[in-house]
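Heads up, the thing below is written out as structure tokens.
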Amino acid sequence: MYRTHTCGELRRENLSEQVMLAGWVQKIRSLGAMTFIDLRDRYGITQLVVEEHSAPEVKEAVQHLGREYVIQVTGKVIERASKNDKMATGEIEVAVSELTLLNASQTPPFTIEDNSDGGDELRMRYRYLDLRRNPLKNAMILRHRMAQEIRTFLDSKGFLEIETPYLIKSTPEGARDFIVPSRMNPGEFYALPQSPQTFKQLLMVAGYDRYFQIVRCFRDEDLRADRQPEFTQIDCEMAFVERDDVLEVFEELAKTMFRNIKGIAFDGAFPRMSYADAMEYYGCDKPDIRFGMKINDITADVQGNGFAVFDTAEYAGAICAEGCAGYTRKQLDGLTDFVKRPQIGAKGLVYIKCETDGSYKSSVDKFYSQEDLARIAGKMQANAGDLILILSGDKKKTLTALCALRLEMGDRLSLRDNSVYAPLWVVDFPLLEWDEESGRFFAMHHPFTSPNLEDLELFSSDPGKVRANAYDFVINGVEVGGGSIRIHDSNIQKKMFDVLGFTPEEAEKQFGFLMNAFKFGAPPHGGLAFGFDRWCSLFGGSESIRDYIAFPKNNSGRDTMIDSPSPVSEQQLKELSIRVTE
Ligand code: ASP
């Protein structure tokens with residue numbers, strides 16, 4: 001037996017008990033004849049004390065301990081002289097009578113404490129040491145608890161957890177596939193699933209009308225803080241449902257998660273916003289509605305005054321930052337630099353200060369009278385003391401830039417509090433998205449999403465106008481989930497592939513299996529998937545999903561701990577009939 005208790009367990013009630021603990025040495029402090037050791041395990045830290053009258057072997061053994069050594073101790077629980085109310089075990093300590101060294105440790109490359117001195121790369125390389133730290137440990141616990149809640153909830157609603165294969169055929173969902181060569185089928189490849197999309201639809205054809213899976217998905221995309229090449233989805237599908245049936249079940253799941261994990265109760269339904277409104281008023285399809293500062297279309301209000309930048313623009317939009325009229329030249333220049341960043345792409349920023357004395361001051365005073373500015377301020381419902389920020393140009397790009405500017409102002413004004421959650425559904429997405437570069441339509445969600453049946457007529461005449469029966473679940477400006485009612489009619493599916501530019505042969509080759517299945521009694525069905533890592537990071541209050549994945553990849557898609565990807569032997573390549581070119 002290694003231990004009677006964990007390092008997070010002992011309290012006042014255990015005083016005088018003889019206990020056995022095992023764990024890692026976090027810290028050793030010697031104060032004259034007394035030595036204090038912080039002994040850590042997953043459950044907490046317990047202070048050990050070795051003093052003048054301790055057994056000589058123990059006093060000797062303590063001399064040779066270092067950080068992260070693994071030890072086992074036996075001793076008596078005693079009351080601490082100086083209590084620490086920040087520690088769960090802070091009222092007691094263990095007077096060590098026996099100490100066994102279970103394993104020594106090299107000096108760790110960074111301090112394993114809440115605030116580590118290790119840089120990102122170093123901590124990734126030694127992830128198993130980083131995982132000993134509380135922030136990561138708590139993230140893992142949160143993730144586990146969320147997964148448990150999800151399973152319990154979905155099980156209670158009759159969902160079956162069914163695994164689908166990882167070695168599949170490529171299903172285009174927008175990203176690049178990771179491919180795996182098949183030794184037994186030389187020259188042929190599997191793809192790792194970007195999601196189990198087609199399989200869950202086949203499960204609906206099979207009659208398993210409520211399916212879920214907490215499942216790994218793989219997408220070979222450029223990485224960002226909220227993207228990993230392999231990530232986890234809570235993937236769900238239901239048969240015999242319409243959009244509102246799906247939203248109802250998963251809204252209840254979300255509310256259960258908020259209540260049981262965050263202790264937050266939501267009364268009433270989550271707001272629903274159309275894609276068109278989200279774009280128009282927030283400049284993106286994942287609005288952060290923790291704060292207002294909506295975008296206003298002021299194109300008509302600013303044109304015709306001889307200011308060429310506005311006069312020639314397709315669109316001019318503005319936001320009103322409350323109480324910011326006092327912004328200095330330097331602050332305004334800072335904002336201009338912000339919107340001019342290449343990733344935001346605006347050419348410049350026009351401001352109107354609504355001064356507290358009722359006058360207006362703007363960067364384009366030359367072209368606009370006080371009355372003109374007052375009219376714009378009126379339209380923006382701006383008050384004295386507010387600052388109006390205007391961007392103009394191509395509508396889509398300007399809205400995207402305004403979205404970034406709005407979020408930036410939200411940050412500056414502390415309106416994006418991480419402990420506040422504002423969930424909503426975004427609905428009525430367009431079915432298709434035109435891509436200028438390739439001159440073709442892409443499915444905005446994926447090719448299996450059902451068009452809004454009322455819009456079916458437009459399929460041939462004006463495909464860009466067809467709305468999709470699709471929905472996204474958004475919290476605080478983060479897309480946490482998305483899904484749709486699916487096409488279950490093989491003819492409509494054929495039509496969809498046609499609009500997407502697949503020849504009938506290509507469609508047959510890639511998706512014949514699905515279209516065939518639809519010929520055998522496919523029920524109406526729909527579903528969605530949540531990004532589990534993202535949801536965890538939102539609940540954990542962090543920007544990065546990496547913190548919620550035990551062994552993540554770095555920004556170049558590498559696992560520096562196991563040094564992967566890495567070359568394989570000639571023999572392996574030969575078996576796979578693969579030759580690597582320079
Ligand atoms: N498979 C979709 C995705 O990964 C989700 C869904 O439509 O259910 O985004």
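The values are calculated or read from the model by the stated rules, or taken from the named source; none is laboratory data. This is a predicted model, so every value here is computed, not measured. Cβ atoms come from the backbone with ideal geometry, glycine included; neighbour counts cover every protein chain shown. Each accessible area value is taken on the protein alone, full model and side chains, heavy atoms only, with ligands, DNA and RNA left out. Shrake-Rupley method; radii C 1.70, N 1.55, O 1.52, S 1.80 Å.
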Checklist line | Considering residues of the stretch 544-582 that are closer than 29 Å to Glu479 by Cα and aliphatic (A, V, I, L, M) only, the residue surrounded by the fewest Cβ atoms within 10 Å (Cβ to Cβ) | finding: Ala550
Notebook entry, point to check: Do we have any residue at all in the stretch 528-535 that's of a type outside the set (Phe, Trp, Tyr) and touching a Lys or Arg at 6+ places or on another chain (Cβ under 6 Å)?
Noted result: no
Next item on the list: Those residues that are open to solvent by 30 Å² or more (accessible area, probe 1.4 Å) and within 16 Å of the ligand (Cβ to nearest atom), I need them from the stretch 529-543; list them, please.
Entry: Arg534
Next item on the list: For Ile71, state whether it is aliphatic (A, V, I, L, M), in contact with a strand residue (DSSP E or B) (Cβ under 7 Å, 6 or more places away or on another chain), closer than 30 Å to Arg534 by Cβ and open to solvent by less than 50 Å² (accessible area, probe 1.4 Å).
Entry: no
Note to self: What are the pairs with Cβ atoms under 9 angstrom where one residue, in the stretch 253-266, is touching a residue at least 40 places away in the same chain (Cβ under 8 Å) and among the β-branched types (Val, Ile, Thr) and the other, located anywhere, is exposed (fewer than 15 other Cβ atoms within 10 Å of the Cβ) and in a helix (DSSP H, G or I)? Sequence gap at least six, or different chains.
What the structure shows: Thr256/Thr152
Checklist line | Of the criteria (1) under 30 Å from Leu431 (Cβ atoms); (2) open to solvent by 70 Å² or more (accessible area, probe 1.4 Å), which one Val309 fails | finding: (1)
Next item on the list: Could you please give the count of residues in the stretch 74-99 that are open to solvent by 70 Å² or more (accessible area, probe 1.4 Å) and in a strand (DSSP E or B)?
Entry: 3
Check: Here are some conditions: (1) touching a helix residue (DSSP H, G or I) at 6+ places or on another chain (Cβ under 6 Å); (2) over 22 Å from Leu405 (Cα atoms). Arg243 meets all but one. Which one does it not meet?
Finding: (1)
Next item on the list: State whether one or more residues within the stretch 512-525 are within 16 Å of the ligand (Cβ to nearest atom), modelled with pLDDT of 90 or more and either within 30 Å of Cys403 (Cα to Cα) or not in a loop (DSSP other than H, G, I, E, B) (or both).
Entry: yes
Notebook entry, point to check: Scanning the stretch 250-277 for residues that are within 16 Å of the ligand (Cβ to nearest atom) and touching a Pro at 6+ places or on another chain (Cβ under 8 Å), which turns out nearest to Pro196 (Cα to Cα)?
Noted result: Ala254
Checklist line | Residue list for the stretch 312-358, filter: among the small types (Gly, Ala, Ser) and either within 25 Å of Ala300 (Cβ to Cβ) or in a helix (DSSP H, G or I) (or both) | finding: Ala313, Ala316, Gly317, Ala318, Ala321, Ala325, Gly334, Gly345, Ala346, Gly348, Gly358
Checklist line | Count - residues of the stretch 400-451 that are among the charged types (D, E, K, R), touching a Gly at 6+ places or on another chain (Cβ under 8 Å) and open to solvent by 10 Å² or more (accessible area, probe 1.4 Å) | finding: 2
Next item on the list: Scan the stretch 514-528 for residues that are more than 23 Å from Phe441 (Cα to Cα) and either touching a Ser or Thr at 6+ places or on another chain (Cβ under 6 Å) or exposed (fewer than 12 other Cβ atoms within 10 Å of the Cβ) (or both) and report the count.
Entry: 4
Next item on the list: Quick one: which strands (runs of 3 or more DSSP E) lie wholly within the stretch 134-249 and hold at least 1 residues that are more than 16 Å from the ligand (Cβ to nearest atom) and open to solvent by less than 10 Å² (accessible area, probe 1.4 Å)?
Entry: none
